[in-house]
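Since the structure comes first, as structure tokens, the remarks are kept for the end.
The values are calculated or read from the model by the stated rules, or taken from the named source; none is laboratory data. It should be emphasised that the depicted structure is a prediction, and the values quoted were computed from it without experimental measurement. In this analysis, Cβ positions are derived from the backbone assuming ideal geometry, glycine residues included, and neighbour counts consider all displayed protein chains.
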Amino acid sequence: MNSSILRTRCSFLTTTVAVLLGFAGPAAIAQNAPVSVGPADPELILDLIAANRTLASYGIVDAYGHVSVRHNLDPNRFLMAGARAPALVTEADIIEYTLDGVPIDLNGRSQYSERFIHAEIYKIRPDVSSVVHNHSPSVIPFGISSVPIKPVYHMSSFIGEGLPIYDIRDESGMTDMLVNNAEKGSALATQLGDRTAVLMRGHGVAVTGESIPFAVARSIYLEINASIQLQAIGLGGSVSYLDPEEARRVLESGENRGYDRPWELWRRDALAQ
Ligand SMILES: [Zn+2]
């Protein structure tokens, strides 16, 4: 084959691949890139910063773990910090994402590889407006044991009759344990179903809420519940859990009054840092 035919064939292939991918050049790439739906409500940004710092101060996240919220201008977008220890998050760290986990304007910031936990939950749960992913220590045993987590007191009624467990091996086989793509995020979201949280075997938990205060409070009270349950089991004897009917009644009464009281305190303390 002479070199001019080879060049022609290479050119044809390059053009074909470009057309198949939908890219005709840099201009088309710019056209296809998602654009911002606009600046989020400044109070929502402050809530998100307060959520990051509160979760850190309660030991629910350390340098790892993250919290997100749906964008107030578009339910198909969410906001989350770039990859940084939550205690250090400021307004400059907040990134807008599509529900495919695509950042709008990364601007040199690095990303949480497990943002797909958030994206895929938002896709299938329109009632959820905030998601927390954490590795809070007392919850981990219930993701690796046959003993189920159950509500031990009124503050954890959102556990209901128990929480599902996502085992990454079921869909993905041997992995590095991270939910770092849409397929794994989707499998996790499916396992969550209509519950408030899903335990992640050998990893942590994903907690949902209809707002930031719900997702943060549930993360904190889930850790406390797990700690109390471990202590009660350790005492020996039998353990009395909330009856499912009792848990249901707490939820129907407004689930601890929407956590307004703790959220006022947590937000004030977090933003004073
Ligand atoms: Zn994780």
Of residues in the stretch 173-222 being within 14 Å of the ligand (Cβ to nearest atom) and polar (S, T, N, Q), the one farthest from MET80 (Cα to Cα)
THR175
Is it the case that SER211 is surrounded by 15 or more Cβ atoms within 10 Å (Cβ to Cβ) and more than 21 Å from ILE60 (Cα to Cα)?
no
Name every residue in the stretch 216-245 that is of a type in the set (Gly, Ala, Ser), in contact (Cβ under 8 Å) with a residue 60 or more places away in the chain and touching a strand residue (DSSP E or B) at 6+ places or on another chain (Cβ under 8 Å), in order of residue number.
SER219
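Rundown of residues vs (1) surrounded by 14 or more Cβ atoms within 10 Å (Cβ to Cβ); (2) touching a residue at least 40 places away in the same chain (Cβ under 8 Å); (3) closer than 26 Å to SER57 by Cα, yes/no style:
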| residue | (1), (2), (3) |
| --- | --- |
| LEU88 | no, no, yes |
| GLU91 | no, yes, yes |
| LEU106 | no, no, no |
| SER130 | yes, yes, yes |
| ILE149 | yes, yes, yes |
| MET155 | yes, yes, yes |
| ILE168 | yes, no, no |
| SER172 | yes, no, no |
| THR175 | no, no, no |
Using beta carbons and a limit of 6 Å, which pairs, at least six apart or on different chains, have the first residue in the stretch 246-258 and touching a residue at least 40 places away in the same chain (Cβ under 8 Å) and assigned by TED's automatic domain parsing to the domain that holds SER130 and the second one among the polar types (S, T, N, Q) and surrounded by 13 or more Cβ atoms within 10 Å (Cβ to Cβ)?
ALA247/SER157; VAL250/SER157; LEU251/SER157
Sort out which residues of the stretch 249-273 are more than 24 Å from PRO151 (Cα to Cα), among the hydrophobic types (A, V, I, L, M, F, W, C) and not in a loop (DSSP other than H, G, I, E, B), and write them in order of number.
LEU265, ALA270, LEU271
